[in-house]
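Take a look at the structure below.
The values are calculated or read from the model by the stated rules, or taken from the named source; none is laboratory data. Predicted model only: the values in this text are computed from it and were never measured. When we count neighbours, we look across all protein chains shown, and the Cβ atoms used for this are built from the backbone with ideal geometry, even at glycine. Note: areas computed on protein heavy atoms with side chains; ligands, DNA, RNA excluded. Shrake-Rupley method; radii C 1.70, N 1.55, O 1.52, S 1.80 Å.
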Amino acid sequence: MAQYYRGQYIDQLLKLKDKHYIKVLTGIRRSGKSTILSQFQEKIKTDLNIKPEQIIKYDFNDPNNLQLTYLEIYNTIIKKAVKNKMNYVFLDEVQEIKEWERCVIGLYENKTINFDIYLTGSNSKMLSSELSTLLTGRHRDIFVMPLTLKEFSEITKEKDINKTFFNYSLIGGLGIIIPNIDNIQEAKKDLSTVLNDTINKDFKYCHNNTRNILIDKIIKYALSNAGKPISSTKTAIQINKSDEEKISHVSISNYLQWSVDAMLLYRVNYYNIKTKSILKTTGKYYAGDIGVLNSVIGYKDNSFGNKLENIVFLNLLSLGYEVYTAELYQKNKDNKEIDFVVFKDNGFKYIQVTHTLTEQNKKREVGNLLSIKDGFDKIILLISDETKYKVDGIKRINIVRWLMNEVTI
(Lines give C-alpha, C1' and ligand atoms only; values in the text may rest on other atoms or scores of the structure.)
Protein backbone atom coordinates (compact mmCIF):
# COMPACT_ATOMS: atom_id res chain seq x y z
CA MET A 1 0.00 0.00 0.00
CA ALA A 2 1.34 3.47 -0.91
CA GLN A 3 2.36 5.94 1.78
CA TYR A 4 -0.40 8.20 3.03
CA TYR A 5 0.36 11.88 2.54
CA ARG A 6 -0.04 13.76 5.84
CA GLY A 7 -0.46 17.26 4.51
CA GLN A 8 -0.99 19.06 7.81
CA TYR A 9 2.53 18.16 8.97
CA ILE A 10 4.13 18.86 5.59
CA ASP A 11 2.48 22.30 5.64
CA GLN A 12 3.92 23.02 9.09
CA LEU A 13 7.39 22.08 7.89
CA LEU A 14 7.04 24.23 4.77
CA LYS A 15 6.17 27.26 6.91
CA LEU A 16 9.36 26.71 8.93
CA LYS A 17 11.59 25.90 5.95
CA ASP A 18 14.78 28.03 5.76
CA LYS A 19 13.99 29.71 9.07
CA HIS A 20 16.85 29.51 11.54
CA TYR A 21 15.21 27.03 13.89
CA ILE A 22 15.91 23.36 14.43
CA LYS A 23 12.72 21.52 13.52
CA VAL A 24 11.93 18.60 15.82
CA LEU A 25 9.28 16.00 14.96
CA THR A 26 8.31 13.92 17.96
CA GLY A 27 5.63 11.33 18.50
CA ILE A 28 4.96 7.84 19.74
CA ARG A 29 7.05 5.19 17.98
CA ARG A 30 5.76 4.17 14.54
CA SER A 31 3.48 7.20 14.23
CA GLY A 32 4.90 8.04 10.81
CA LYS A 33 7.59 10.64 11.57
CA SER A 34 10.10 9.08 9.17
CA THR A 35 7.49 8.95 6.41
CA ILE A 36 6.68 12.63 6.90
CA LEU A 37 10.36 13.53 6.58
CA SER A 38 10.62 11.50 3.35
CA GLN A 39 7.50 13.15 1.95
CA PHE A 40 8.84 16.59 2.85
CA GLN A 41 12.13 15.84 1.07
CA GLU A 42 10.25 14.86 -2.07
CA LYS A 43 8.07 17.95 -1.79
CA ILE A 44 10.97 20.41 -1.68
CA LYS A 45 12.73 18.60 -4.54
CA THR A 46 9.77 18.46 -6.88
CA ASP A 47 7.94 21.68 -6.01
CA LEU A 48 10.72 23.98 -4.80
CA ASN A 49 13.56 22.81 -7.08
CA ILE A 50 15.89 21.80 -4.25
CA LYS A 51 18.70 19.72 -5.75
CA PRO A 52 19.36 16.18 -4.41
CA GLU A 53 22.91 17.18 -3.45
CA GLN A 54 21.48 19.79 -1.07
CA ILE A 55 19.74 17.06 0.93
CA ILE A 56 21.81 15.15 3.50
CA LYS A 57 20.05 12.47 5.50
CA TYR A 58 20.78 9.81 8.09
CA ASP A 59 18.38 7.11 9.23
CA PHE A 60 19.42 5.86 12.65
CA ASN A 61 16.94 3.00 12.46
CA ASP A 62 19.53 1.55 10.08
CA PRO A 63 21.99 -0.57 12.11
CA ASN A 64 24.80 0.44 9.72
CA ASN A 65 24.54 4.01 11.00
CA LEU A 66 24.53 3.16 14.69
CA GLN A 67 28.28 2.58 14.74
CA LEU A 68 28.94 6.19 13.78
CA THR A 69 29.98 8.78 16.34
CA TYR A 70 28.50 12.27 16.45
CA LEU A 71 31.85 13.64 15.24
CA GLU A 72 31.98 11.31 12.23
CA ILE A 73 28.44 12.33 11.29
CA TYR A 74 29.27 16.01 11.69
CA ASN A 75 32.45 15.80 9.58
CA THR A 76 30.69 13.82 6.83
CA ILE A 77 27.88 16.38 6.64
CA ILE A 78 30.38 19.23 6.42
CA LYS A 79 32.19 17.45 3.56
CA LYS A 80 28.94 16.78 1.66
CA ALA A 81 27.52 20.27 2.10
CA VAL A 82 27.12 22.51 -0.93
CA LYS A 83 28.80 25.87 -0.45
CA ASN A 84 26.78 29.06 -0.98
CA LYS A 85 23.47 27.16 -0.92
CA MET A 86 21.09 26.01 1.78
CA ASN A 87 21.73 22.41 2.86
CA TYR A 88 18.83 20.41 4.29
CA VAL A 89 19.91 17.97 6.98
CA PHE A 90 17.55 15.19 8.12
CA LEU A 91 18.49 13.10 11.16
CA ASP A 92 15.90 10.39 11.76
CA GLU A 93 15.63 8.91 15.30
CA VAL A 94 18.66 10.96 16.26
CA GLN A 95 18.47 9.96 19.92
CA GLU A 96 20.07 6.63 18.98
CA ILE A 97 23.45 8.41 18.64
CA LYS A 98 25.38 9.24 21.77
CA GLU A 99 25.96 12.99 22.21
CA TRP A 100 23.91 13.68 19.08
CA GLU A 101 23.26 17.21 20.30
CA ARG A 102 26.92 18.14 19.77
CA CYS A 103 26.59 17.38 16.07
CA VAL A 104 23.34 19.34 15.78
CA ILE A 105 24.63 22.38 17.65
CA GLY A 106 27.82 22.37 15.56
CA LEU A 107 25.82 22.44 12.34
CA TYR A 108 23.36 25.03 13.63
CA GLU A 109 26.11 27.43 14.70
CA ASN A 110 28.31 26.94 11.63
CA LYS A 111 29.21 30.37 10.27
CA THR A 112 30.42 29.39 6.79
CA ILE A 113 27.83 26.84 5.57
CA ASN A 114 24.04 27.21 5.60
CA PHE A 115 22.12 24.37 7.22
CA ASP A 116 18.39 23.84 7.71
CA ILE A 117 18.09 21.03 10.27
CA TYR A 118 15.25 18.53 10.81
CA LEU A 119 15.18 15.89 13.55
CA THR A 120 12.84 13.11 14.53
CA GLY A 121 12.72 11.22 17.80
CA SER A 122 10.44 9.10 19.94
CA ASN A 123 11.10 10.87 23.21
CA SER A 124 9.83 14.43 23.43
CA LYS A 125 11.49 15.31 26.74
CA MET A 126 14.92 14.07 25.71
CA LEU A 127 15.03 16.01 22.44
CA SER A 128 13.44 19.19 23.76
CA SER A 129 15.37 19.31 27.03
CA GLU A 130 18.74 18.78 25.34
CA LEU A 131 18.03 21.47 22.75
CA SER A 132 16.47 23.86 25.26
CA THR A 133 19.58 23.65 27.42
CA LEU A 134 21.90 24.49 24.56
CA LEU A 135 19.70 26.50 22.21
CA THR A 136 16.96 28.18 24.22
CA GLY A 137 14.14 29.30 21.95
CA ARG A 138 15.88 28.19 18.77
CA HIS A 139 14.00 25.00 18.01
CA ARG A 140 10.40 24.29 17.05
CA ASP A 141 8.52 21.13 18.05
CA ILE A 142 6.00 19.43 15.80
CA PHE A 143 4.03 16.68 17.53
CA VAL A 144 3.04 13.89 15.14
CA MET A 145 -0.22 12.27 16.19
CA PRO A 146 -1.57 8.88 15.07
CA LEU A 147 -3.92 8.88 12.09
CA THR A 148 -7.32 10.40 12.73
CA LEU A 149 -10.47 8.49 11.79
CA LYS A 150 -10.76 10.76 8.74
CA GLU A 151 -7.26 9.83 7.58
CA PHE A 152 -7.86 6.16 8.40
CA SER A 153 -11.02 6.13 6.26
CA GLU A 154 -9.23 7.78 3.34
CA ILE A 155 -6.65 5.00 3.39
CA THR A 156 -9.08 2.07 3.68
CA LYS A 157 -11.65 3.58 1.28
CA GLU A 158 -14.29 1.59 3.17
CA LYS A 159 -17.72 3.08 2.40
CA ASP A 160 -19.37 1.76 5.57
CA ILE A 161 -18.33 4.39 8.11
CA ASN A 162 -19.55 2.29 11.04
CA LYS A 163 -17.28 -0.56 9.98
CA THR A 164 -14.44 1.91 9.53
CA PHE A 165 -14.97 3.30 13.02
CA PHE A 166 -15.11 -0.20 14.50
CA ASN A 167 -11.82 -1.18 12.85
CA TYR A 168 -10.23 2.12 13.88
CA SER A 169 -11.32 1.53 17.48
CA LEU A 170 -9.46 -1.81 17.32
CA ILE A 171 -6.15 -1.01 15.61
CA GLY A 172 -5.85 2.76 15.97
CA GLY A 173 -3.81 5.01 13.72
CA LEU A 174 -0.09 4.28 13.92
CA GLY A 175 1.81 4.24 10.65
CA ILE A 176 2.96 0.69 11.37
CA ILE A 177 -0.54 -0.63 10.66
CA ILE A 178 -0.93 0.95 7.21
CA PRO A 179 0.55 -1.99 5.21
CA ASN A 180 -1.97 -4.30 6.91
CA ILE A 181 -4.78 -1.82 7.44
CA ASP A 182 -7.21 -4.15 5.63
CA ASN A 183 -5.99 -7.18 7.60
CA ILE A 184 -6.93 -6.65 11.24
CA GLN A 185 -5.18 -9.78 12.55
CA GLU A 186 -1.86 -8.86 10.94
CA ALA A 187 -2.19 -5.26 12.12
CA LYS A 188 -2.64 -6.52 15.69
CA LYS A 189 0.66 -8.42 15.40
CA ASP A 190 2.41 -5.25 14.23
CA LEU A 191 1.05 -3.29 17.18
CA SER A 192 2.49 -5.73 19.69
CA THR A 193 6.00 -4.52 18.80
CA VAL A 194 5.39 -0.87 19.70
CA LEU A 195 5.31 -1.32 23.47
CA ASN A 196 8.34 -3.62 23.37
CA ASP A 197 10.38 -1.16 21.32
CA THR A 198 9.40 1.76 23.55
CA ILE A 199 10.44 0.03 26.75
CA ASN A 200 13.50 -1.76 25.40
CA LYS A 201 14.88 1.27 23.55
CA ASP A 202 13.55 4.55 24.98
CA PHE A 203 13.51 3.53 28.63
CA LYS A 204 16.91 1.90 28.45
CA TYR A 205 18.51 4.76 26.52
CA CYS A 206 17.01 7.66 28.45
CA HIS A 207 16.99 6.18 31.93
CA ASN A 208 19.55 3.37 31.75
CA ASN A 209 16.83 1.06 33.01
CA THR A 210 16.44 -2.47 31.74
CA ARG A 211 13.00 -3.91 31.33
CA ASN A 212 11.46 -5.60 34.33
CA ILE A 213 8.08 -7.03 35.26
CA LEU A 214 7.14 -3.99 37.33
CA ILE A 215 7.50 -1.59 34.39
CA ASP A 216 5.18 -3.79 32.33
CA LYS A 217 2.74 -4.02 35.23
CA ILE A 218 2.54 -0.25 35.76
CA ILE A 219 2.07 0.52 32.06
CA LYS A 220 -0.63 -2.12 31.76
CA TYR A 221 -2.31 -0.75 34.89
CA ALA A 222 -2.29 2.79 33.49
CA LEU A 223 -3.66 1.68 30.12
CA SER A 224 -6.32 -0.49 31.78
CA ASN A 225 -7.42 2.60 33.69
CA ALA A 226 -7.23 5.05 30.79
CA GLY A 227 -9.43 8.04 31.54
CA LYS A 228 -9.48 7.42 35.29
CA PRO A 229 -7.55 9.33 37.98
CA ILE A 230 -4.31 7.59 38.95
CA SER A 231 -2.44 8.29 42.16
CA SER A 232 1.07 6.81 42.47
CA THR A 233 0.62 6.34 46.21
CA LYS A 234 -2.73 4.57 45.96
CA THR A 235 -1.50 2.46 43.05
CA ALA A 236 1.52 1.32 45.07
CA ILE A 237 -0.71 0.29 47.97
CA GLN A 238 -3.01 -1.65 45.67
CA ILE A 239 -0.24 -3.46 43.80
CA ASN A 240 1.75 -4.26 46.96
CA LYS A 241 -1.25 -6.06 48.46
CA SER A 242 -0.91 -8.89 45.96
CA ASP A 243 2.70 -8.81 44.75
CA GLU A 244 5.66 -10.33 46.57
CA GLU A 245 7.97 -7.87 44.82
CA LYS A 246 7.12 -4.47 46.28
CA ILE A 247 7.18 -1.19 44.42
CA SER A 248 7.38 2.34 45.76
CA HIS A 249 5.15 5.22 44.74
CA VAL A 250 8.31 7.00 43.53
CA SER A 251 9.07 4.18 41.07
CA ILE A 252 5.49 4.23 39.85
CA SER A 253 5.65 7.97 39.33
CA ASN A 254 8.91 7.57 37.39
CA TYR A 255 7.56 4.80 35.14
CA LEU A 256 4.46 6.85 34.36
CA GLN A 257 6.56 9.90 33.51
CA TRP A 258 8.86 7.86 31.27
CA SER A 259 5.79 6.61 29.42
CA VAL A 260 4.58 10.19 29.00
CA ASP A 261 8.00 11.30 27.71
CA ALA A 262 7.83 8.50 25.11
CA MET A 263 4.22 9.50 24.30
CA LEU A 264 3.06 6.00 25.12
CA LEU A 265 0.80 7.77 27.60
CA TYR A 266 -0.54 11.31 27.94
CA ARG A 267 -1.17 12.84 31.34
CA VAL A 268 -4.18 15.14 31.67
CA ASN A 269 -4.24 17.52 34.64
CA TYR A 270 -7.33 18.72 36.46
CA TYR A 271 -8.74 22.19 35.84
CA ASN A 272 -10.46 23.96 38.72
CA ILE A 273 -13.50 25.57 37.13
CA LYS A 274 -14.19 27.79 40.14
CA THR A 275 -10.69 29.26 40.51
CA LYS A 276 -9.73 28.92 36.82
CA SER A 277 -6.48 27.23 37.81
CA ILE A 278 -4.66 24.03 36.83
CA LEU A 279 -4.12 21.35 39.47
CA LYS A 280 -0.99 19.23 39.05
CA THR A 281 -1.54 16.63 41.75
CA THR A 282 -3.55 13.59 40.67
CA GLY A 283 -4.10 13.32 36.92
CA LYS A 284 -5.69 11.06 34.36
CA TYR A 285 -3.73 9.12 31.77
CA TYR A 286 -4.69 8.27 28.19
CA ALA A 287 -3.00 5.98 25.67
CA GLY A 288 -0.91 7.54 22.92
CA ASP A 289 -2.76 5.33 20.42
CA ILE A 290 -5.93 3.29 20.75
CA GLY A 291 -4.37 0.31 18.94
CA VAL A 292 -1.48 0.20 21.41
CA LEU A 293 -3.98 0.35 24.27
CA ASN A 294 -5.84 -2.65 22.85
CA SER A 295 -2.63 -4.58 22.21
CA VAL A 296 -1.80 -4.31 25.92
CA ILE A 297 -5.15 -4.75 27.67
CA GLY A 298 -6.89 -6.87 25.04
CA TYR A 299 -9.43 -6.33 22.29
CA LYS A 300 -12.49 -6.58 24.52
CA ASP A 301 -15.72 -4.61 24.46
CA ASN A 302 -16.36 -4.24 28.19
CA SER A 303 -14.04 -1.24 28.40
CA PHE A 304 -15.35 0.48 25.27
CA GLY A 305 -16.50 3.56 27.20
CA ASN A 306 -12.94 4.32 28.27
CA LYS A 307 -11.63 3.59 24.78
CA LEU A 308 -14.20 5.95 23.27
CA GLU A 309 -13.06 8.69 25.63
CA ASN A 310 -9.44 7.96 24.62
CA ILE A 311 -10.30 8.29 20.92
CA VAL A 312 -11.96 11.65 21.58
CA PHE A 313 -8.95 12.81 23.59
CA LEU A 314 -6.49 12.01 20.78
CA ASN A 315 -8.66 13.78 18.23
CA LEU A 316 -8.83 16.87 20.42
CA LEU A 317 -5.03 16.95 20.49
CA SER A 318 -4.88 16.50 16.70
CA LEU A 319 -7.17 19.51 16.34
CA GLY A 320 -4.79 21.62 18.41
CA TYR A 321 -6.75 21.85 21.66
CA GLU A 322 -5.12 22.15 25.06
CA VAL A 323 -6.90 19.46 27.06
CA TYR A 324 -7.74 19.15 30.77
CA THR A 325 -10.27 17.28 32.86
CA ALA A 326 -12.35 18.84 35.65
CA GLU A 327 -14.21 18.06 38.83
CA LEU A 328 -16.94 20.19 40.35
CA TYR A 329 -16.56 20.19 44.11
CA GLN A 330 -19.81 19.90 46.05
CA LYS A 331 -19.82 20.24 49.82
CA ASN A 332 -21.13 17.08 51.51
CA LYS A 333 -21.88 15.51 48.13
CA ASP A 334 -20.06 13.46 45.52
CA ASN A 335 -18.09 15.66 43.18
CA LYS A 336 -19.29 16.04 39.59
CA GLU A 337 -16.82 15.23 36.85
CA ILE A 338 -16.44 16.86 33.45
CA ASP A 339 -14.58 14.63 30.99
CA PHE A 340 -12.74 17.40 29.16
CA VAL A 341 -12.17 21.12 29.43
CA VAL A 342 -10.48 22.25 26.21
CA PHE A 343 -8.80 25.54 25.31
CA LYS A 344 -8.10 27.01 21.89
CA ASP A 345 -7.87 30.54 20.49
CA ASN A 346 -8.58 32.22 23.86
CA GLY A 347 -11.84 30.33 24.42
CA PHE A 348 -12.78 27.06 25.99
CA LYS A 349 -15.43 24.36 25.95
CA TYR A 350 -16.75 21.71 28.34
CA ILE A 351 -17.19 18.21 26.90
CA GLN A 352 -18.85 15.02 28.12
CA VAL A 353 -18.34 11.75 26.23
CA THR A 354 -20.82 8.88 26.29
CA HIS A 355 -21.93 6.05 24.05
CA THR A 356 -25.64 6.67 24.54
CA LEU A 357 -27.71 9.28 26.32
CA THR A 358 -30.44 7.55 28.35
CA GLU A 359 -32.80 8.39 31.18
CA GLN A 360 -30.38 6.55 33.47
CA ASN A 361 -27.26 8.57 32.64
CA LYS A 362 -28.91 11.81 31.53
CA LYS A 363 -28.68 13.32 35.02
CA ARG A 364 -24.95 12.65 35.20
CA GLU A 365 -23.96 13.65 31.68
CA VAL A 366 -26.33 16.59 31.24
CA GLY A 367 -26.62 17.60 34.89
CA ASN A 368 -22.87 17.93 35.35
CA LEU A 369 -22.66 20.36 32.43
CA LEU A 370 -25.67 22.38 33.62
CA SER A 371 -23.94 22.78 37.00
CA ILE A 372 -21.37 25.03 35.33
CA LYS A 373 -22.72 28.55 35.51
CA ASP A 374 -20.91 30.37 32.73
CA GLY A 375 -21.50 31.14 29.08
CA PHE A 376 -18.95 28.84 27.48
CA ASP A 377 -19.94 25.99 25.14
CA LYS A 378 -21.18 22.80 26.75
CA ILE A 379 -21.10 19.71 24.55
CA ILE A 380 -22.03 16.04 24.72
CA LEU A 381 -20.27 13.79 22.22
CA LEU A 382 -22.06 10.50 21.71
CA ILE A 383 -22.31 7.53 19.36
CA SER A 384 -26.07 7.09 19.29
CA ASP A 385 -28.81 9.42 18.01
CA GLU A 386 -27.77 12.93 18.96
CA THR A 387 -31.29 14.31 18.49
CA LYS A 388 -32.70 12.67 21.65
CA TYR A 389 -33.05 14.43 25.01
CA LYS A 390 -32.70 17.97 23.78
CA VAL A 391 -31.59 20.35 26.53
CA ASP A 392 -31.30 24.09 26.10
CA GLY A 393 -27.71 25.30 26.25
CA ILE A 394 -26.07 21.94 25.48
CA LYS A 395 -24.89 20.81 22.06
CA ARG A 396 -25.22 17.11 21.23
CA ILE A 397 -22.82 15.97 18.53
CA ASN A 398 -22.31 12.55 16.97
CA ILE A 399 -18.77 11.38 17.66
CA VAL A 400 -18.22 9.63 14.34
CA ARG A 401 -19.38 12.63 12.32
CA TRP A 402 -17.11 14.86 14.40
CA LEU A 403 -14.14 12.50 13.95
CA MET A 404 -14.80 12.58 10.21
CA ASN A 405 -14.71 16.41 10.23
CA GLU A 406 -18.33 16.59 9.09
CA VAL A 407 -19.22 18.73 12.10
CA THR A 408 -17.26 20.84 14.55
CA ILE A 409 -17.59 21.30 18.27
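Scanning the range 103-144 for residues being in a loop (DSSP other than H, G, I, E, B), at pLDDT 90 or above and either under 19 Å from Thr69 (Cβ atoms) or not β-branched (Val, Ile, Thr) (or both) gives a total of 3. Under 16 Å from Gly175 (Cβ atoms) and either open to solvent by less than 20 Å² (accessible area, probe 1.4 Å) or touching an Asp or Glu at 6+ places or on another chain (Cβ under 7 Å) (or both), is that true of Ser31? For Ser31, the condition - under 16 Å from Gly175 (Cβ atoms) and either open to solvent by less than 20 Å² (accessible area, probe 1.4 Å) or touching an Asp or Glu at 6+ places or on another chain (Cβ under 7 Å) (or both) - is met.
If you go through the range 171-197 and pick out every residue that is buried (at least 17 other Cβ atoms within 10 Å of the Cβ) and not in a loop (DSSP other than H, G, I, E, B), you end up with 12. Taking Ala222, is it outside any helix (DSSP H, G or I), among the small types (Gly, Ala, Ser), open to solvent by less than 60 Å² (accessible area, probe 1.4 Å) and within 21 Å of Tyr324 (Cα to Cα)? It is false that Ala222 is outside any helix (DSSP H, G or I), among the small types (Gly, Ala, Ser), open to solvent by less than 60 Å² (accessible area, probe 1.4 Å) and within 21 Å of Tyr324 (Cα to Cα). Per the listing Asn75, Asn114, Asn49, the residue uniquely more than 27 Å from the chain's Cα centre (by Cα) and at positive phi is Asn49. Across the range 377-393, the number of residues qualifying as modelled with pLDDT of 90 or more and either polar (S, T, N, Q) or part of a loop (DSSP other than H, G, I, E, B) (or both) comes to 1.
Can you tell which of Tyr270, Tyr255 is modelled with pLDDT of 85 or more, surrounded by 15 or more Cβ atoms within 10 Å (Cβ to Cβ), outside any helix (DSSP H, G or I) and aromatic (Phe, Trp, Tyr)? Exactly one residue qualifies, and that residue is Tyr270. Taking residues in the range 20-43 that are closer than 26 Å to Leu265 by Cβ, and partners anywhere that are of a type in the set (S, T, N, Q) and not in a strand (DSSP E or B), the pairs with Cβ atoms closer than 6 Å and at least 6 places apart or on different chains are Thr26/Ser124; Arg29/Ser122; Arg29/Thr198; Thr35/Gln3.
The listed residues are Asn302, Asn315, and the only one of them that is modelled with pLDDT of 95 or more, within 14 Å of Ser169 (Cβ to Cβ) and of a type in the set (S, T, N, Q) turns out to be Asn315.
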